[in-house]
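The values are calculated or read from the model by the stated rules, or taken from the named source; none is laboratory data. Since this is a predicted model, take the numbers as computed values, not measurements. Neighbour counts run over all protein chains shown; Cβ positions are idealised from the backbone, glycine included. Accessible surface areas use protein heavy atoms only, side chains included; no ligands, DNA or RNA. Shrake-Rupley method; radii C 1.70, N 1.55, O 1.52, S 1.80 Å.
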Amino acid sequence: MTITVNGLDELKKLAGGDLGTSEWIEVTQRSIDTFADATGDHQWIHVDVEKAKEGPFGAPIAHGYLTLSLFIPLFSGLLEVEGVSTKVNYGLNKVRFPSPVKVGSRIRLAARLAEVEDVAGGVQITVDGTIEVEGGTKPAAVIQGVLRFLA
């Protein structure tokens, strides 16, 4: 369920709170191949389906940075900030990839709004996020993302 706030003052009230979990999305071979084409990373563990079946993971796996790139669309399903002029992905404080995402897996984001601080023209938020793999014992990614919302 998406939490919707109107403006920076309402956003500030969420500081320290749990944002819940996003919907599940499937990571397909098509999305892996498209990411490989966009980045030029065609390592066999991602794009050679037959060879990857015989590899260390038993199937093709998503690029770690593909998994990371899904943070923003998954996050957008958790929090909608209205009444602002600009939303900017400002950066990352931390990223780790404890577990691979095999092709066909479903992932979702669990997130907490760790911090909200004033910056020139708006606020900066720090989000503690975990990208979970359905049925997995370890997360696919642990992320501390930083975003800015400008008035």
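Tabulated results
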quantity: Where G136 falls short, out of the listed (1) within 17 Å of R148 (Cβ to Cβ); (2) touching a residue at least 24 places away in the same chain (Cβ under 8 Å); (3) over 14 Å from the mean Cα position of the chain (by Cα); calculated: (1)
quantity: Enumeration of residues in segment 101-151 that are open to solvent by 10 Å² or more (accessible area, probe 1.4 Å), within 24 Å of I61 (Cβ to Cβ) and aliphatic (A, V, I, L, M); calculated: V103, A110, V133, V142
quantity: Matching residues, segment 1-48, being of a type in the set (A, V, I, L, M) and touching a residue at least 40 places away in the same chain (Cβ under 8 Å); calculated: I3, V5, L8, L11, L14, A15, L19, I25, V27, I32
quantity: Residues (part of a helix (DSSP H, G or I) and open to solvent by 50 Å² or more (accessible area, probe 1.4 Å)) located in segment 73-96; calculated: P73, S76
